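Enquirer: Supplied in structure tokens, the structure appears directly below.
The values are calculated or read from the model by the stated rules, or taken from the named source; none is laboratory data. Not measured: the values here are computed from a predicted model. No Cβ is skipped: glycine too gets one built from the backbone with ideal geometry, and neighbour counts run over all protein chains shown.
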Amino acid sequence: MSMLTNAGLSPVLVELDELVGHLTASRERAARMFAAEMFFFEQVAGIVERREAERAAADEGAITRSSQLGMREVFAEIGAALKLSEWQVARKVSSAWTLMHQFHETLCDASCGVFSGEHAALIADAGAVIENATIRAEFERIARELAAELTPGQLKAALAGLVQRLDPEGCERRVRDAVARRKVTAREVEPGLTRITADVPTAQGAGIIDRIRAMATELHDQNTTVKADAEAAAADVAAQKAAAEKAAADAAATDDAAAKADGAEAAGAEADGAEAAGAGTAEASADADAEDVDAEDVDADAVVFDERTHTQIMADIFCDLLLTGNTHGHGTTEAGRDAINSITPTVQVTIPATTLAGATVGGAAVDGFGPIDDTTAKHLAGVAKAWVRVFTDPCSGIPISVDRYRPSKKQKLFLQVRDRHCRFPGCRRPAQTCDIDHTIPYAQGGPTCLCNLEHFCKRHHTVKHDTAWTVEQLSGGILRFTAPTRRVHTTRPPGTVRFTPIQLIDPDPHLKHQFAQQLADDPAPY
């Protein structure tokens, strides 16, 4: 930032501006050094080959190329000088070769300070799996544009999706190969703690962690409720105990006063004795009450709370499921244990409709994790309880509109307030007992939006779909019916409540669904 631009800034902001400038320049220099380092590491492979040739030519009885002794010699030399392990040297040599020979433009951008060496390494690692040179070049072009704008973390996720979109067939093949390498390993991380690592297919892995997390959440909530109830019960016991002690003190004070009054009368000695006996009885009764309260207090204190954290519960449930096949050892009540064991995993999978139809290969992925093979995707599609349909731009892959078959809870609430009853002409059946119908059928591309939903009782729902009756939804939820005789009937929403629809739920977005209308002939993805 120039001094002219700095005008009007506070001294701290001016200093910050200078600091940011220095940091930016430092990152650019570091990127140039990274590019230079890659240039030198790329030469290591050639030195290894020549060293192997030297050893073979010397023919001094040494084992040559098959033992990779020449490579070990070279890597050990470099590692010792740079304080790196031989494994780290090998990784840098591999990255350098990939950048120099397959992603040279990326390395040039890093050398010019357009983005960091970390960005360049991510591009090389993600794109190296693409075998087709033309596709790899297209990947590099887009990746360089992304790297100039994104952080390394953002870039890594974006590159994974880019590879999947540009090379779906290769991605499908790599996913199948990866699944074949599934395994479970264990190693001790510290005394008393062992880490079990399971490399499993993505869909199953996502389902496993979802179910364990949901079960742990259910149990943690149960524990919180039990603890709160126990604390409330303990508070009640303490209050009862205090009340009993106060009653005993009041009784003792009353008896003392009566004894003093009766002592002034000579003839009251016998009565005084009787009063004293009564006082003893009252005190004994109060003490008995206090003992009862103490006994209850002891029982309350005897309650053992489950103080495990959510993370600890997840680990314990993981062990129980693998060792016993159930989690019956967890839960505060029988109903609570049943609730935990009834939990099933939820996995959100994105599958191109063309992949389900068999027209294309690849593209299926578990949201938040990564790609899965087509066979698994089609199996999950067959057992899915609900679908979310996403329309994307065929060129950029950017979602244009998102739709699902089942209305959301907010949509259902809005429709009940708007419709109140079945919307077929003359029908008064309450909306709570009706079906929510898509005016334009979902299977024909109709979106699940307020402008395409209305209530029909089961009888008229059947009439609408299976007879010559037709219906069109106009602005404001007005329905225009056309009878088989071509007579037109109009029904208006009877609801008198007026409010602004919940954000992102447009009650009249007809013009905003042009894309969905254009795909009205597109079959549903099942």
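Enquirer: Assigned by TED's automatic domain parsing to the domain that holds Ser26 and of a type in the set (Lys, Arg), is that true of Arg174?
Expert: No, not satisfied.
Enquirer: Here's something else I'd like to know. Within the range 420-474, can you find the residues that are acidic (Asp, Glu) and over 16 Å from Ser408 (Cα atoms)?
Expert: Asp466, Glu472
Enquirer: For the range 11-105, please list each of the helices (runs of 4 or more DSSP H) lying entirely inside it that holds at least 1 residues being within 47 Å of the chain's Cα centre (by Cα), in the same structural domain as Glu140 (by TED's automatic domain parsing) and touching a residue at least 40 places away in the same chain (Cβ under 8 Å).
Expert: In the range 11-105, the matching helices (runs of 4 or more DSSP H) lie at 11-58, 86-101.
Enquirer: Continuing with this model, one more query. Being at pLDDT below 80, touching a strand residue (DSSP E or B) at 6+ places or on another chain (Cβ under 7 Å) and within 18 Å of Glu169 (Cα to Cα) is true for just one of Thr392, Thr350. Which residue is that?
Expert: Thr350
Yes/no per residue for (1) exposed (fewer than 14 other Cβ atoms within 10 Å of the Cβ); (2) within 20 Å of Val488 (Cα to Cα); (3) not assigned by TED's automatic domain parsing to the domain that holds Arg486:
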{"residue": "Gly426", "(1), (2), (3)": "yes, yes, no"}
{"residue": "Ala431", "(1), (2), (3)": "no, no, no"}
{"residue": "Asp435", "(1), (2), (3)": "no, no, no"}
{"residue": "His438", "(1), (2), (3)": "no, yes, no"}
{"residue": "Pro447", "(1), (2), (3)": "no, no, no"}
{"residue": "Leu450", "(1), (2), (3)": "no, no, no"}
{"residue": "Glu454", "(1), (2), (3)": "no, yes, no"}
{"residue": "His461", "(1), (2), (3)": "no, yes, no"}
{"residue": "His465", "(1), (2), (3)": "yes, yes, no"}
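Enquirer: For residues that are of a type in the set (Ser, Thr, Tyr) and farther than 30 Å from Gln222 by Cβ, scanning just the range 337-384, find the one that is nearest to the chain's Cα centre (by Cα).
Expert: Ranking the qualifying residues of the range 337-384, first place goes to Thr350.
Enquirer: Can you tell me which residue is surrounded by the most Cβ atoms within 10 Å (Cβ to Cβ) among those in the range 189-229 that are among the acidic types (Asp, Glu) and part of a helix (DSSP H, G or I)?
Expert: Initially, the range 189-229 is screened for residues among the acidic types (Asp, Glu), giving 190, 199, 210, 218, 221, 229.
With part of a helix (DSSP H, G or I) added as a condition, the list becomes 210, 218, 221, 229.
Values: Asp210: 16, Glu218: 22, Asp221: 13, Asp229: 12.
That would be Glu218.
Enquirer: Could you look through the range 230-260, keep only residues that are under 30 Å from Thr333 (Cβ atoms) and touching a residue at least 24 places away in the same chain (Cβ under 8 Å), and pick out the one that is surrounded by the most Cβ atoms within 10 Å (Cβ to Cβ)?
Expert: Val237
Enquirer: Going residue by residue through the range 514-523, is there one that turns out to be assigned to a helix (DSSP H, G or I), at pLDDT 80 or above and either surrounded by 12 or more Cβ atoms within 10 Å (Cβ to Cβ) or at negative phi (or both)?
Expert: No, the range 514-523 has no match at all.
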